[in-house]
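> Handing you a structure now.
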Amino acid sequence: MPESLPSPTPDESPEANATLDLKAIREHIDTIDEQLIRLLNERADLVLQVAEVKKKAGLDIYVPGREEALLRKLCQINTAQHGKLTEKAIRSIFREIMSAALALEDSLKIAYLGPVGSWTHQVAVHKFGNSVEYLPVDAIQGGFERVATRQVDYAVLPIEHSTEGAVHHTLDHLVDSELQIYAEILWKLETVVMAQSAEASLHEIYGHPQMLATCRAWLAQKFPGVHLHETESSSLAATYAENHADCAALGTPLGAELHELKVIAASPRELSCRARFIILGRRSGDPSGNDNTMLMVHAPDRVGALLEILKVFAQKNINVRQIENRPVLSDAANTQVRFFLEISGHHEDRTFQGAIRELDNQGARIKILGSYPAPRWIEER
């Protein structure tokens, strides 16, 4: 704020005084905006220098551990300065700044499980920002293929839903692929109702069966008498709403933006689900100091098999955070069992390596599916 504003003369009206006040404030905002542009371009110059160093050293452009550490530091600075911006706002602003930086450093390409406007698309854009390039794939296998053939740098794929459990297709493809989990995203799923106008008289609401099942009771209360119809995808539902003034769609906030629809209602927080997504890359993430590791353990199917595996980690004071089991499709005699474990720690840790050697000596077959920074933030729009 300027040190002093023009003093009103006796003849000036309150409206004239307000105009003078606003003019002075806006001029000061313009000056700050000019400084911000200059500083952002200075930052961009440094980003290009970083990119040059990384390329010469063969380093990854996107480093999730560094990203999260920077966001936490910025939020701490904001708190120390008693800033009025929320942590969510700080993260959102700087995520777009970092997205622009990634686009400068390299033409980053991200595949995601489509269609356009899907939850995975929403998550990918929120994580990588609007400045990188996105490619939808119609199946999880397509995401693996795009990364393996270097058509994209990474793929964002679902791996777990809080109400429906693990996404087994993703786990199975990780076993059969040389690709690994590079990072992980936790997301709180918020469903919105979108239409051409908030004042529209609705007759029908379209949505994916899973979304409709979760929100059916709320929709009946919020929009009594409106008919609910299942569609193959949220994108198709949004297309119906886009083309019919008396129709609405269930979907994501991003879907509303892409189809130029108004968000007329959002599901209550108690209906929110949590989901986990992986960022699939060609290798694991580097140690960040607070990591998780996903691994597959293939062992003989006998009484106490899982207990023997868990005992190895317990004896070395390693936390097993999560367990899934899947059948071994190639084992016609059903003599083998396959466990997926998420472990606290990085696979390069000495203690972790000792546990792997011990399991190997017991006859188990181990495959590391990726180490990645442990998420500390539940992402949400």
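The values are calculated or read from the model by the stated rules, or taken from the named source; none is laboratory data. Because the structure is predicted, anything quoted here is derived from the model rather than measured. As a convention, Cβ positions derive from the backbone with ideal geometry for all residues, glycine included, and neighbour counts pool all protein chains shown.
> For the subset of region 353-370 comprising residues that are more than 32 Å from the chain's Cα centre (by Cα) and not charged (D, E, K, R), which member is modelled with the lowest pLDDT? Lay out the reasoning, then the answer.
Filtering region 353-370 down to residues more than 32 Å from the chain's Cα centre (by Cα) leaves 354, 357-364.
After this cut, where a residue has to be not charged (D, E, K, R) as well, the list is 354, 359, 361-364.
On the way: G354: 93, L359: 91, N361: 89, Q362: 86, G363: 83, A364: 86.
It comes out as G363.
> Looking at region 102-125, which of the residues that are part of a strand (DSSP E or B) and in contact with a Ser or Thr (Cβ under 6 Å, 6 or more places away or on another chain) is surrounded by the fewest Cβ atoms within 10 Å (Cβ to Cβ)?
Looking at residues that are part of a strand (DSSP E or B) and in contact with a Ser or Thr (Cβ under 6 Å, 6 or more places away or on another chain), I get L113.
> What pairs come out if I take residues in region 264-286 that are among the aromatic types (F, W, Y) and pair them with residues that are surrounded by 18 or more Cβ atoms within 10 Å (Cβ to Cβ) whose C-beta lies under 6 Å away, six or more apart or interchain?
These pairs meet every condition: F277/V123; F277/V156; F277/P158; F277/I185.
> Which condition breaks for R72 when tested against (1) within 25 Å of I279 (Cβ to Cβ); (2) in contact with a helix residue (DSSP H, G or I) (Cβ under 8 Å, 6 or more places away or on another chain)?
(2)
Every residue, every condition in (1) part of a helix (DSSP H, G or I); (2) touching a strand residue (DSSP E or B) at 6+ places or on another chain (Cβ under 9 Å), yes or no:
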residue	(1), (2)
I93	yes, no
A100	yes, no
K127	yes, yes
P136	no, yes
I159	no, yes
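> Would you call T163 assigned to a helix (DSSP H, G or I) and either more than 30 Å from I366 (Cβ to Cβ) or modelled with pLDDT of 85 or more (or both)?
Numbers: assigned to a helix (DSSP H, G or I): no; either more than 30 Å from I366 (Cβ to Cβ) or modelled with pLDDT of 85 or more (or both): yes.
Judged against the criteria, T163 is not a match.
> While we're here: Of the conditions (1) under 17 Å from N292 (Cα atoms); (2) modelled with pLDDT of 95 or more; (3) among the aliphatic types (A, V, I, L, M), V147 satisfies every one except a single condition; which number is it?
Single failed check for V147: (1).
> For region 77-91, check the following and say yes or no: at least one residue is assigned to a loop (DSSP other than H, G, I, E, B) and in contact (Cβ under 8 Å) with a residue 12 or more places away in the chain.
There is no residue in region 77-91 that is assigned to a loop (DSSP other than H, G, I, E, B) and in contact (Cβ under 8 Å) with a residue 12 or more places away in the chain.
> Of all the strands (runs of 3 or more DSSP E) wholly in region 231-308, which have at least 1 residues that are at pLDDT below 90 and out of contact with any Gly (no Cβ under 9 Å at 6 or more places or on another chain)?
The strands (runs of 3 or more DSSP E) meeting that bar are 262-266, 273-281, 291-300.
> Which pairs do you get when a residue that is under 21 Å from R150 (Cα atoms) and without any contact (Cβ under 8 Å) to a residue 60 or more places away in the chain, found in region 116-134, comes within reach of a residue that is of a type outside the set (S, T, Y) and assigned to a loop (DSSP other than H, G, I, E, B), reach meaning Cβ atoms under 6 angstrom, with the pair 6+ apart or on two chains?
Final answer for the pair search is V132/L108.
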